[in-house]
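Read-outs throughout are calculated quantities, based only on the coordinates presented, and are distinct from any laboratory measurement. What you see is a predicted model; the values in this text were computed from it and never measured. Note that we place each Cβ from the backbone using ideal geometry, even for glycine, and neighbour counts take in every protein chain shown.
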Amino acid sequence: MRVVSALALCWGRLWGGSVSFDDEFGLFVCTGMRGGFARGGTTVGGVFLTRKAPPRRLLRHEAIHVDQWARYGIGFAARYLWEELRNPGSRNRFEIEAGLADGGYRAERGITRPDEP
């Protein structure tokens with residue numbers, strides 16, 4: 001995941017971002033980007049790429065995506081894309097696992113995180 005994170009940091013800098021490290025959630029945050037990310041931001045490896053400084057709850061959500069990258073390795077990109085094509089947005093199991101509310105999603109009726117009843 002180090003190589004993926006290093007490439008993401010380079011990508012973020014190429015798009016005009018500045019990098020900081022969030023000690024609480026253990027991820028790099030690249031803010032001020034002019035583009036080069038999806039939705040409100042994208043986590044690649046251990047790096048969250050975005051335009052604006054994110055709220056703490058969003059970083060908690062993105063930290064779970066960092067864990068997903070660590071669990072699945074580079075294959076996570078393909079897994080996430082496939083899931084997003086089949087179950088977009090708030091129905092994506094990786095977004096559900098990361099916490100829909102923290103990620104700014106409105107949960108559809110009956111969808112909860114795997115650890116919720």
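The table for this structure:
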{"read-out": "Taking region 2-98 and dividing mean pair separation by its residue count, relative contact order in percent (alpha carbons under 8 Å, at least six apart)", "value": "21 percent"}
{"read-out": "Choice from Gly35, Gly75, Gly89 with maximal GNM fluctuation in the chain (Cα, 10 Å cutoff)", "value": "Gly75"}
{"read-out": "Likely footprinting exposure, Ile96, Ile74, fewest C-beta neighbours within 10 Å first", "value": "Ile74, Ile96"}
{"read-out": "For region 59-75, 3J(HN,Hα) per residue [Karplus equation, 6.51 cos²θ - 1.76 cosθ + 1.60, θ = phi - 60°, Hz, x = Gly/Pro]", "value": "5, 4, 4, 5, 4, 5, 5, 4, 4, 5, 4, 5, 5, 9, x, 4, x"}
{"read-out": "Cβ charges +1 (Lys, Arg) and -1 (Asp, Glu), total dipole of the chain, debye", "value": "380 debye"}
{"read-out": "Rounded Å value of the spacing that divides the Cα centres of region 79-108 and region 9-65", "value": "18 Å"}
{"read-out": "Relative packing of 27-33, 11-17, which averages over residues the other C-beta atoms within 10 Å, highest first", "value": "27-33, 11-17"}
{"read-out": "Förster radius 25 Å - calculated FRET efficiency between Ala70 and Arg34 (Cβ-Cβ, nearest 0.05)", "value": "0.30"}
{"read-out": "Label corresponding to Cα extents along the principal axes in Å when calculated from the structure given, among [x] 44, 42, 26; [y] 45, 36, 23; [z] 40, 28, 25", "value": "[z]"}
{"read-out": "Value at 222 nm in deg cm²/dmol, rounded to 500, when DSSP H runs of n ≥ 4 in the chain each add -39,500 (n - 2.57)", "value": "-12500 deg cm²/dmol"}
